[in-house]
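*Asks:* My structure is below; once you've seen it, I'll send some questions.
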Amino acid sequence: MDFFDAIMVPFRWLVSAVMVGLHDGLSAVGMPPASGWTWTLSIIGLVLLIRAALIPMFLKQLDAQRRMRLLQPDLKALQEKYKGRTDPLSRQSMAQEQMALYKKHGTNPFSACLPMLIQVPFFFALYQVLSGISTRAAEGEGTGSMSHDQVVQFDQSSIFGASLTASVLHGGSGNQTAVMVLTILMILAMTAAQVVTQKLILARNALPGDTGSPFMRQQKMVLYTLPVVFALGGVFFPIGVLVYWTVTNAWTMVQQFFVRERRTSGTA
């Protein structure tokens, strides 16, 4: 077991435990245990629980974005001060003054990305759980908190004819055409949600005439690079992981709309 795998063990156990608990709860209220929709709702429930737990972090993210917005005039003045000065001493002095400004305002360029970073281990844990299910089903093993029977059940489940463990490039059981169509639709959905989210963030945080600040460049980079990441990554990930990813992006978009409405009504 390598270092990364050892770190992921508790995340895989937690992700699978939540899925199994939600699956058992849905089965208890009458949903078919072997249905792909029961497992899909378990994945959606996993997203909702994780994102609900991250709401306090989201509020801190909003505060960090506000502080970064207020910091932009000082950063712009600092850039003008050192404009055209590329010698090592000037670069070092600029970096030191920049860090001093971040400390003064109690923020940094990466604080606004913290909620996204916290979600990464859970995303990869789900990927590791789902991508290995077919192998474990064939070998008579369970995974994390999932018993062998549940692993077989999940491996054989599907939605719209697409297996939850199948991906475009790695194949899987079931109708591969359905897998491709569903993958494309979810990539488009998650990309649209992400673009809307970033547009809302940019509109909320932009200052008049502010087009070249580090914070705005960072947000624009996210706006243009994440759709590419979704498109390239989507063909590798199983349908179950894409469900997680799509619902996560939808939650983020709704959160940003909620924040905008509260600001518009003067309650935030």
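*Asks:* GNM, the chain, Cα, under 10 Å: largest mean-square fluctuation among Phe236, Phe123, Phe258?
*Replies:* Phe258
*Asks:* Name the residue farthest towards the positive end of the dipole of the chain from the options Val29, Met116, Gly132, assuming +1 on Cβ of Lys and Arg, -1 on Cβ of Asp and Glu, about the Cα centre.
*Replies:* Met116
*Asks:* Starting with the highest mean, order 22-28, 40-46, 240-246 by the number of other Cβ atoms within 10 Å, averaged over the residues of each peptide.
*Replies:* 240-246, 40-46, 22-28
*Asks:* Right, here's the next one. Among Gln256, Gln150, Gln79, which one shows the highest mean-square fluctuation when the chain is modelled as a Gaussian network with alpha-carbon springs under 10 Å?
*Replies:* Most flexible of the set in this elastic network: Gln79.
*Asks:* Using a Gaussian network model on the chain with a 10 Å cutoff between Cα atoms, which of Pro227, Pro32, Pro88 fluctuates the most?
*Replies:* Ranking Pro227, Pro32, Pro88 by mean-square fluctuation puts Pro88 first.
*Asks:* Ok, one more. Could you give the longest part of the chain that holds none of the trypsin sites (Lys or Arg not before Pro) found in DSSP loops with at most 12 neighbouring Cβ atoms within 10 Å?
*Replies:* Counting at most 12 other Cβ atoms within 10 Å as exposed, the longest clean stretch of the chain is 86-268.
*Asks:* Next up: If I take every Cα pair under 8 Å that is 6 or more residues apart in the chain, average their sequence separation and divide by the length, what percent do I get for the relative contact order?
*Replies:* That works out to 23 percent.
*Asks:* May I ask you to list, by number, the DSSP H helices of the chain whose Cα span along the axis is at least 24 Å and whose average Kyte-Doolittle hydropathy reaches 0.0 or more?
*Replies:* The qualifying helices are 3-28, 36-53, 114-131, 176-205, 214-234, 239-264.
*Asks:* Straight-line reach from Lys81: which lysines have Cα under 29 Å away, leaving out those fewer than 8 places along the same chain?
*Replies:* Of all the lysines, those that pass the test against Lys81 - Cα under 29 Å, at least 8 places apart if same chain - are Lys103, Lys104, Lys220.
*Asks:* Return Leu202, Leu54 ranked ascending by Cβ neighbour count within 10 Å, so the fewest neighbours appear first.
*Replies:* Leu202, Leu54
A short reminder: the numbers here are calculations on the coordinates, not readings from a lab. Owing to the predicted nature of the structure, the values given are computational and were not obtained by experimental measurement. FYI the Cβ positions are ideal-geometry reconstructions off the backbone, even for glycines, and counts take in every protein chain you see.
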